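Peer 1: Shown below is the structure under consideration.
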């Protein structure tokens, strides 16, 4: 299982919406230039984020996007689910029932009642990952990066997104 690069772009771009220059929203054009990705691609990502009620578009000359919730209320999982969808990563196809031992007689009912152990383990692992991603919020990421990145990065970022 691999998340698309759209999840990474979404998380990076959402960071810049946490603390934009005073009174401004950030547009796709600026975000795409800052991240070095096409506007079309980023627009598709933001359409998914808006549909998931993570961002909202603000129309007008000084429009752009803004978060719909506090950064502490937007988890990594919210973003993953918005971009990738909610379909389980592992989907058991019950291939055990196609075993050669049961081709003539059919798969026994008593065995069919026993949950597929592989499915149980895979879904359990997915749940652990989902729970972990739910614990990590945009606010956590922002605060963690504040401790790692130089202050100049934040100042230069705000200056880049400042609207005249």
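Bear in mind these aren't lab numbers, they're just calculated from the coordinates by the rules spelled out. These numbers were taken from a predicted model, which means no experiment stands behind them. Virtual Cβ from ideal backbone geometry, glycine too; neighbours counted across all protein chains shown.
Peer 1: Which condition does residue 134 not pass, out of (1) farther than 20 Å from residue 73 by Cα; (2) under 26 Å from the mean Cα position of the chain (by Cα); (3) in contact (Cβ under 8 Å) with a residue 24 or more places away in the chain, if it passes all the others?
Peer 2: For residue 134, the failing item is (1).
Peer 1: Given the residues 83, 26, 74, which is the only one that is more than 18 Å from the chain's Cα centre (by Cα), in contact (Cβ under 8 Å) with a residue 60 or more places away in the chain, over 30 Å from residue 115 (Cα atoms) and crowded, with 20+ Cβ neighbours inside 10 Å?
Peer 2: Values: 83 fails: more than 18 Å from the chain's Cα centre (by Cα); 74 fails: more than 18 Å from the chain's Cα centre (by Cα).
On inspection, the qualifying residue turns out to be 26.
Peer 1: Check segment 26-34 and report whether any residue there is within 16 Å of residue 70 (Cα to Cα) and touching a strand residue (DSSP E or B) at 6+ places or on another chain (Cβ under 8 Å). Please lay out each step first, then the result.
Peer 2: Within segment 26-34, the first condition is being within 16 Å of residue 70 (Cα to Cα), and the residues that meet it are none.
No: segment 26-34 contains no residue that is within 16 Å of residue 70 (Cα to Cα) and touching a strand residue (DSSP E or B) at 6+ places or on another chain (Cβ under 8 Å).
To keep it simple, each residue is scored yes or no on (1) surrounded by 15 or more Cβ atoms within 10 Å (Cβ to Cβ); (2) touching a helix residue (DSSP H, G or I) at 6+ places or on another chain (Cβ under 7 Å); (3) over 26 Å from residue 2 (Cβ atoms); (4) in contact (Cβ under 8 Å) with a residue 60 or more places away in the chain.
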| position | (1), (2), (3), (4) |
| --- | --- |
| 54 | yes, yes, no, no |
| 89 | no, yes, no, yes |
| 94 | no, no, no, no |
| 120 | no, no, no, no |
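Peer 1: Those residues that are in contact (Cβ under 8 Å) with a residue 40 or more places away in the chain and closer than 15 Å to residue 16 by Cβ, I need them from segment 56-69; list them, please. I'd like the intermediate steps shown before the answer.
Peer 2: First, the residues of segment 56-69 that are in contact (Cβ under 8 Å) with a residue 40 or more places away in the chain: 62, 64-67.
Passing the criteria: 64, 65, 66, 67.
Peer 1: Another one. If you go through segment 32-52 one residue at a time, how many are touching a residue at least 24 places away in the same chain (Cβ under 8 Å) and part of a loop (DSSP other than H, G, I, E, B)?
Peer 2: Looking only at that region, the number is 2.
Peer 1: State whether one or more residues within segment 58-75 are touching a strand residue (DSSP E or B) at 6+ places or on another chain (Cβ under 6 Å), under 15 Å from residue 141 (Cα atoms) and assigned to a helix (DSSP H, G or I).
Peer 2: yes
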